[in-house]
Amino acid sequence: MNAHRVTPQQVDWSRSRPRDRALDRSIISLTPQGARVLDLGCGNGDLLLRLKADREVEERGVELEPGAVAECLSRGLSVIQADLEESLTDLREGAFDVVVLNQVLLATARPLHLLTEALRVGRRVLVSFPNFTYWRIRSQIVFKGRLPVNPTLPYQWYDTPNIRLATVKDFRALCQDKRWKVHKELFVNLDRQDHPRTVRFWPNMRAALALFALERG
Amino acid sequence: MTQIVKRPETLPEIRPPEVRRLEPVRTQTVTFEGPGETLHLESGQTLHPVTVAYETYGQLNDARDNAVLVCHALSGDAHAAGYYGLEKDEKPGWWDVLIGPGKPLDTDKYFVISSNFLGGCKGTTGPSSINPATGKPYGLDFPFYTVKDMVQVQRRLLKYLGVPRLLAVIGGSLGGMQVLQWAISFPEMVRGAIPIATTARLSPQAIAFNEVARQAIMSDPDWNGGDYSLDAQPERGLGLARMIGHITYLSEQAMLRKFSRRYINGQGRTFCLTKDFQVESYLHHQGSSFVRRFDANTYLYITRAMDYFDLEAAYGRLSTAFSGCRCPFLVASFTSDWLFPPEQSRELVQALRRVGLDVSYCNIESDQGHDAFLLPGHRMGDVVAGFLERLTRMAAS
């Protein structure tokens, strides 16, 4: 049944490292001091380590790739190896102050279900994803006729972990439709050194990455 | 059609090669006797006196908060690390890969305790011990004991050693069952629990293998209803039991890698019924070396203790069993372990998380089957070291 799903071993996660770390500072700023944080798809634990250092959070992580889990554990983090969606069913409502979905939503089979579950177990959910209507991506498709490969979408169509595409407008529409409270929106581009630069106007066209802070209504 | 068997990559150990060794170690014993020292067992029977064989490595610090209890598996003993320093080609303790200076259970930091469990045959009172009432080995007069009873005895040992609280309890397989029981029986004494390659209850398949092993022993005429002298063991039955055990501890991949279908003499078939294949020779070797160091009746009792361990039955629901636990858990399983499969570890993780406990879990890549927890060459050491450092930090804050 899961045969069609991307197995984690096939993905070279090091390629998306600059993108995956680009919003760390923003995520930290949206995390209260001493919060209980659940990072879904925590990779090798870089973000959780920063959150512990800067915000003294009580950390929990979920990750499917065994090597990354072992790295997290040897770094002294509390992480379980599990499928993201399945890992949430054992958790009580409101068990966490913050649930992080950093660049993982589009790689899941049931993103809507995952978001709903994340909002059940967390009071605040921080979701980030690459914006597919960023102008560089649009022009690449229009003028070159090729699917984009760039710092925020660093994979070819055949080896990408993303099995979904989303845009800023799409996500806003979903939040409206589901009556989710958007506490904060944040949009960035990456400069030549992969540093994030905040985008304030027309994010659907001008931002490469989006970060939404959702809260339970 | 050719079947391609893909061997999972085993990750190299990150730690630099160990150069420092433990000082020569020795097994010590303590006997609990006198009024108030009678051991009341789950079976309703009692035992008195009880001797415990144990080893310790490293130093207990002034705050007495750096002790780590190591629980051994079915055929293990108190000798978990280092060398006695007696013979040149002597083998180190069974978990020497994990315990020692600079190793994951770093004896420069932690005070490591390992005891032969209750009912063992390596110095702790068990079926091969002399029954003070008769002057002969207990044999089948020895009372049945459980994992919970083993933990009670370890608790007494800690009291004797002046250890009020454990930084961690760690163990694999049957040792892992003791770890779970520790966290349940004495939650106030455990700061961290590390059950490895274990389960909250054996599968019927594992019970079946245990039963075949017991029948192998009991059908040996030398077993004589459990009444044999210790220098005339039921060797064939006990050897056979160990051979069965060893098949279940390895994996199909591990056997293929170690032995393939190789013949012993390299020539091929000899058309005889004695050992022809290398895998057969391996099993015979394991069987006969086991006979020299283990007691048949003890094997019967210990496998029964494993069969009877069932947290769900004992507490109603698995999560109820853990509802009184307070410590963080590190659960680890191995991908190719089919005797204590990863699925059983995931059940543990699920139950522990349901009661809101701090749980880490890692399914470690290995093709070595259940035995992987005793062997080097995978990430278990790093993972355990990271968890212990975290526990130390938590204890300090």
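The values are calculated or read from the model by the stated rules, or taken from the named source; none is laboratory data. In this text, all values refer to a predicted model and were calculated from it rather than measured experimentally. Because the Cβ atoms are built from the backbone with ideal geometry, glycine has one as well, and the counts that use them run over all protein chains shown. Only protein heavy atoms, including side chains, enter the accessible area calculation; ligands, DNA and RNA are left aside. Shrake-Rupley method; radii C 1.70, N 1.55, O 1.52, S 1.80 Å.
Among the residues making up the stretch B:331-362, those that are within 7 Å of chain A (Cβ to nearest Cβ) and open to solvent by less than 20 Å² (accessible area, probe 1.4 Å) are B:349, B:358, B:359, B:360, B:361, B:362. Taken over the stretch A:97-133, the criterion of being among the aromatic types (Phe, Trp, Tyr) and open to solvent by 10 Å² or more (accessible area, probe 1.4 Å) is satisfied by A:132 alone.
Where residues in the stretch B:366-397 are within 13 Å of chain A (Cβ to nearest Cβ), aliphatic (A, V, I, L, M) and within 20 Å of the chain's Cα centre (by Cα), which of them is surrounded by the fewest Cβ atoms within 10 Å (Cβ to Cβ)? It comes out as B:385. Considering every residue within the stretch B:53-69, establish whether at least one is surrounded by 14 or more Cβ atoms within 10 Å (Cβ to Cβ) and modelled with pLDDT under 95. No, because not a single residue in the stretch B:53-69 is surrounded by 14 or more Cβ atoms within 10 Å (Cβ to Cβ) and modelled with pLDDT under 95. Within the stretch A:65-85, residues that are at the interface with chain B (Cβ under 7 Å from one of its Cβ atoms) sit with their Cβ atoms under 6 Å from residues that are surrounded by fewer than 19 Cβ atoms within 10 Å (Cβ to Cβ) and in a helix (DSSP H, G or I), at 6+ positions apart or across chains, in these pairs: A:76/B:389. Go through the residues of the stretch B:246-256 one by one and say whether even a single one is under 18 Å from residue B:304 (Cα atoms), without any contact (Cβ under 8 Å) to a residue 60 or more places away in the chain and under 20 Å from the mean Cα position of the chain (by Cα). Looking for residues that are under 18 Å from residue B:304 (Cα atoms), without any contact (Cβ under 8 Å) to a residue 60 or more places away in the chain and under 20 Å from the mean Cα position of the chain (by Cα), one finds at least one in the stretch B:246-256, hence yes. Selection of the stretch B:27-52 for residues being within 22 Å of residue B:83 (Cβ to Cβ) and either in contact with an Asp or Glu (Cβ under 6 Å, 6 or more places away or on another chain) or surrounded by fewer than 12 Cβ atoms within 10 Å (Cβ to Cβ) (or both) yields only B:27. Only one entry in B:227, B:222, B:276 is touching a Pro at 6+ places or on another chain (Cβ under 8 Å) and not hydrophobic (A, V, I, L, M, F, W, C), namely B:222.
What do you reckon, is residue B:183 farther than 19 Å from residue B:77 by Cβ and small (Gly, Ala, Ser)? Yes; evaluated as a whole, the condition is true for this residue. Counting only residues that are in a loop (DSSP other than H, G, I, E, B) and touching a residue at least 60 places away in the same chain (Cβ under 8 Å), which one in the stretch A:161-185 is surrounded by the fewest Cβ atoms within 10 Å (Cβ to Cβ)? If we take residues in the stretch A:161-185 being in a loop (DSSP other than H, G, I, E, B) and touching a residue at least 60 places away in the same chain (Cβ under 8 Å), then A:163 is surrounded by the fewest Cβ atoms within 10 Å (Cβ to Cβ).
Please work out if residue A:87 is modelled with pLDDT under 95, under 24 Å from residue B:351 (Cα atoms), more than 13 Å from the chain's Cα centre (by Cα) and buried (at least 20 other Cβ atoms within 10 Å of the Cβ).
yes
A search for C-beta distances below 8 Å between a residue of the stretch B:140-152 that is under 14 Å from residue B:175 (Cα atoms) and any residue that is part of a loop (DSSP other than H, G, I, E, B) and open to solvent by 70 Å² or more (accessible area, probe 1.4 Å), counting only pairs 6+ apart in sequence or on different chains, returns B:146/B:42; B:148/B:42; B:149/B:42.
When residues in the stretch B:151-171 are screened for being touching a strand residue (DSSP E or B) at 6+ places or on another chain (Cβ under 8 Å) and either outside any loop (DSSP other than H, G, I, E, B) or of a type in the set (Phe, Trp, Tyr) (or both), 13 of them pass.
Filtered by the rule that a residue be within 18 Å of residue B:95 (Cα to Cα) and part of a loop (DSSP other than H, G, I, E, B), the stretch B:348-397 gives B:366, B:368, B:375, B:376, B:377, B:378, B:379. Please indicate, with yes or no, whether at least one residue in the stretch B:133-143 is assigned to a loop (DSSP other than H, G, I, E, B) and open to solvent by less than 10 Å² (accessible area, probe 1.4 Å). Yes: the stretch B:133-143 contains one or more residues that are assigned to a loop (DSSP other than H, G, I, E, B) and open to solvent by less than 10 Å² (accessible area, probe 1.4 Å).
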